[in-house]
């Protein structure tokens, strides 16, 4: 197991370089960021020259990139053009996104797995059919449309929740965006849980458990869930990373000052250090999550062994 | 998703597995995989519903003029009257009008072509790229596999929306091509992973060893013995991804980075309705409904085809 984890961690190194390189190149290709700073205002050539020097903008691309990487390895993630360190900006923004992402994640787990279990209990029943139809609708509606409609109906028309901003704090301000962010994954988790439970229900060990006279509740918990949850856990693990990436749209609609909104603004301002730094952190979280999931497998299913 | 399996499986299920190993084009009686799949599809109501919807979508894409009048989609041709701005649905304007007084119904019909084209092109291209990379990685293994798998990891990790925003701010291709290019470059990863998995599985089978023992070349083994295993799952993945690409185009257009005016798609219509949504919800709801129903039809078709092609899913 230890060797497996180390091998996986080593595999992250090329991915780290790949992601930073691609993102740095994309930002480099946007052109000279200094030109667009303070557009319309009086230009100060000396200050512009200073910024170009300070942010290595006079160097060729590959030199800029290497200097950036060197900075990261010495703990310097760079700063915005206004001089604010990227890590400080990240520390300001990530609580909002983390709260949003984790709320969405909990909704996804509790409702997705819970409703999946209920649907699988009575296959073909009204709840099963309803949830299958409902999830299909959610899957086919784009997130931003869902966001608008939810914001309009629950935020504006019914006034149950604040339609935008985080002034009311957790949970009131976060519930609508979290549901919108979780919607798509919730639908997949529900369908996957249900499908796997039904698939497992035909297994011999289930018949044995029933024949022994074990109560239904116990059979579900000890036998069928434990055997069905592996693909669900895989999906959830990959999804937690995706949730933070998908927060760009949700944060935009509900006007939440999180990482997604900052990323969108920073791309527009060509703040290379902010964009590459944020994306790198998101990707590393994503990779660590998928490693954690693979380690969880061995716990869920003792048949799985890693060398 | 195998719940709506057709009832007619009992005859087929016994020898479905052995037939799967034969090459699909052996047209010998009684049944081939293709024959099985078609038999299965014909008895699947979901297949017919999605097929009917997709025929309708195809008609909108190919012959929008049959259903709507192009003049009513643009102020340039004088078809829109600003004094008609934001009218609610009526017999004159079935789906109402937008800010510029253009007919939302005509816009929705003509918006189909760019939206669906992006999805179709991206699905075809990503499937081909994914198949080639997955096949090569799985078949040759070793260093080639390690290298390609790391590249796949990089692309898998990159958040689509963020990279898309950055890349689309850089490149400015006309019409649908910018967003199509981005989706092609970023979208092939899951196809590559799937084909690689199928290849690894098929490579270990006896028939592959047999072919090698008979002296078949690598190319022949890949083309005749390994790739056919991946065709079914690839089609399914491509159809479902197609729906996703259409939605992704709408997302980028919504962010102002996809298709730009004067061209329009369902995505740009939804985007432009944003400021007037509260007073004129029809400007958002109709294009959103067209978009969602199209995506849904592709997902349902993918479900039905995957069921038909996979004998293990028949119960």
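No value in this document is a laboratory result; all are computed from the given coordinates. Remember, it's a predicted structure, so these values are computed and weren't measured experimentally. We place every Cβ from the backbone using ideal geometry, glycine too, and count neighbours over all the protein chains shown.
A few remarks follow.
- For A:196, A:70, order by how many other beta-carbon atoms lie within 10 Å, fewest first: A:70, A:196
- Long-range tail of P(r) for segment B:192-254 (Cα pairs > 17 Å, %): 52
- Helical runs (DSSP H, four residues minimum) scored at -39500 (n - 2.57) apiece and divided by the length of chain A put the mean residue ellipticity at 222 nm at -24500 deg cm²/dmol.
- Considering helices alone, the calculated mean residue ellipticity of chain B at 222 nm is -21000 deg cm²/dmol, with DSSP H runs of length four and up weighted by -39500 (n - 2.57) and normalised per residue.
- Inter-probe distance in nm under a simple model that places probes 7 Å from Cα toward Cβ, at residue B:81 and residue B:231: 5.7
- Folded to 0 to 90 degrees: helix A:225-254 orientation relative to chain A principal axis, Cα: 40
- Shape category assigned to segment B:92-170 from the gyration tensor of Cα positions, a/c cut at 1.5: prolate
- Computed over chain B, the P(r) curve from all C-alpha pair distances, binned at 20 Å from the origin, holds 28, 49, 21, 2 percent per bin.
- Share of alpha-carbon pairs per 20 Å distance bin for chain A, given as whole %: 27, 49, 21, 3, 0
- Once the Cα atoms are used to define both axes, helix A:45-54 deviates from the longest principal axis of chain A by about 50 degrees.
- Projected label points at residue A:21 and residue A:63, each 7 Å from Cα along the beta carbon direction, are separated by 2.0 nanometres.
- Between the helical axis of A:126-140 and the longest alpha-carbon principal axis of chain A there is an angle of about 20 degrees.
- Exercise: per-residue mean of other protein chain Cβ atoms within 10 Å, B:145-151: 2
- Normalised by 2.2 N^0.38 Å, where N counts its residues, the alpha-carbon radius of gyration of the protein assembly as shown equals 1.03.
- Modelled spin labels at residue A:49 and residue B:278, positioned 7 Å past Cα toward Cβ, are 5.1 nm from each other.
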